[in-house]
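Data block below; observations after.
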Amino acid sequence: MSKDYRMSLIRSVETSLVNHFTPEQVNLISNVLTKVLTEYEITERCTSLEPYDNGNEHILKQYAACLVVDGKSSGTVRQYVRSCRKLSDVVGKPFKEMNAYDVRYFLAKEMERGLSDQSRENQRANLSAFFQWMTNEELIPKNPILQLKPIKCHQEIRKAFSDIEIDALRSACKTIRERALVEFLLSTGVRVSELVSMKVQDVSPETLTVHVVHGKGNKERITYTTAVAMKHLLAYLHSRTEDGDALFYNRNHDPIEAGGIRKMLYSLADRANVDNVHPHRFRRTFATNLSKRGMAVQEIQKLMGHTNINTTLVYIATDDNIVQASYKKFTA
């Protein structure tokens, strides 16, 4: 099957536009180009419109642009590109010439320098996605990583906060802002990346609803908060002096960032003498507690904004207390 150079032209345009327009705008331009180019046939000679560069960095630039256009978050793009760049540095060959042995060698070197099985499996999955993209773009005939089996990993049980730990965190709060943050994280289950972009108008005290925009493709959803959490949030909002519309601010009166939230929680953890306190553990606790109380996993999935229900199950299926609670419920 002959290569359709119209796709190469569109990808080249997307790569050039991605740093100047939003993913939605780039998608719109791509769709317009696709419709216009339907009436044209582009031959190989026309690829001179695109600078000829088959180097690894050029391919990574194209790949990153495609990920952005596909709605991947900036953190996800960085993670994927970082894995590919590490592979390039270790193997020292063009991506188009790499085979399964090269990737196996790279993963062996990663193990040699102490990388865990889970981290190496993440690397393998990232690279598989990259080579599959290269296959789809007809840069290589097949994905070499399909020959490699996934790396078996020990499944670490990541526990939710216990009721005692939650009480300790609440008691250790020194400011209205700390208590509002703790209650909001526990009651909504939002990601820290979602929280830092929230505005006051995203929260409705009347309906106890929270409008969430997720960075992965700007997906929107509605979640809820409790009356108690809303009481503490309103107390914080009424007490602060900032005029802006961000939901939370830092001590310098700037909208709080993810690092600032983590720093607050680390300080709170020291005072409460609770280990492993970070934003994502609040999210796990949110899912676990809802499951304990009998909410269907499909409903929890919707509240958490997961596309795949298996992702939701990872949050709640490892807690033995859920099994015990369910057993008591059906044997009482």
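Nothing in this text is a laboratory measurement; each read-out follows from the coordinates by a stated rule. Computed from a predicted structure; not experimentally measured. No Cβ is skipped: glycine too gets one built from the backbone with ideal geometry, and neighbour counts run over all protein chains shown.
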Original post:
How do Lys72, Lys302 line up, fewest other C-beta atoms within 10 Å first?
Top reply: Lys302, Lys72
Subject >> Additional length obtainable on full extension of the chain from Phe21 to Leu313, 0.36 nm per residue less Cα span >> reply: 101.5 nm
Original post:
Along the positive direction of the dipole of the chain (beta-carbon charges: Lys, Arg +1; Asp, Glu -1; about the Cα centre), which of Thr38, Val182, Asn126 reaches farthest?
Top reply: Val182
Subject >> Nonlocal amide H pairs with Tyr249, under 5 Å, H built at 1.01 Å >> reply: Ile256
Original post:
Tell me, what is the percent relative contact order of the stretch 163-331, built from C-alpha pairs under 8 Å that lie six or more residues apart?
Top reply: 25 percent
Original post:
Which of Phe286, His20, Ile140 sits farthest toward the positive end of the charge dipole of the chain, with +1 on the Cβ of Lys and Arg and -1 on the Cβ of Asp and Glu?
Top reply: Phe286
Subject >> Rel. contact order, % - alpha carbon contacts under 8 angstrom, at least six apart, the chain >> reply: 14 percent
Original post:
Roughly what angle does helix 56-69 make with the longest principal axis of the chain, taking Cα atoms, 0 to 90 degrees, to the nearest 10?
Top reply: 50 degrees
Original post:
What ³J(HN,Hα) values, in whole Hz, does the Karplus curve 6.51 cos²θ - 1.76 cosθ + 1.60 give for the stretch 234-241 when θ = phi - 60°, with x put for Gly and Pro?
Top reply: 5, 4, 5, 4, 6, 8, 7, 9
Original post:
What are the ³J(HN,Hα) values, in whole Hz, obtained from phi via the Karplus relation 6.51 cos²θ - 1.76 cosθ + 1.60 with θ = phi - 60°, for each residue of the stretch 113-126 in sequence order, with x given for Gly and Pro?
Top reply: 8, x, 6, 5, 4, 5, 5, 5, 5, 4, 4, 4, 5, 4
Subject >> Taking the stretch 5-147 and dividing mean pair separation by its residue count, relative contact order in percent (alpha carbons under 8 Å, at least six apart) >> reply: 22 percent
Original post:
How many nm separate the modelled label positions at Thr38 and Leu115, each set 7 Å beyond the Cα in the direction of the Cβ?
Top reply: 4.4 nm
**OP:** For n ≥ 4 DSSP H runs only, could you compute -39500 (n - 2.57) per run for the chain, divide by its residues and tell me the 222 nm figure to the nearest 500?
**Re:** -18000 deg cm²/dmol
**OP:** Please sort 82-95, 199-212 by packing, taking for each peptide the average over its residues of neighbouring beta carbons within 10 angstrom, highest first.
**Re:** 82-95, 199-212
Subject >> Protection proxy ranking of 183-195, 159-171 - average other beta-carbon atoms within 10 Å, highest first >> reply: 183-195, 159-171
**OP:** Could you go through the stretch 21-37 in sequence order and give the Karplus-derived ³J(HN,Hα) for each residue, using 6.51 cos²θ - 1.76 cosθ + 1.60 with θ = phi - 60°, rounded to whole Hz, and x for Gly and Pro?
**Re:** 9, 6, x, 5, 5, 5, 4, 4, 4, 4, 5, 5, 4, 4, 5, 5, 6
Original post:
In nm, to one decimal, how far is the Asp254 label point from the Ser267 one, both placed 7 Å along Cα→Cβ?
Top reply: 1.6 nm
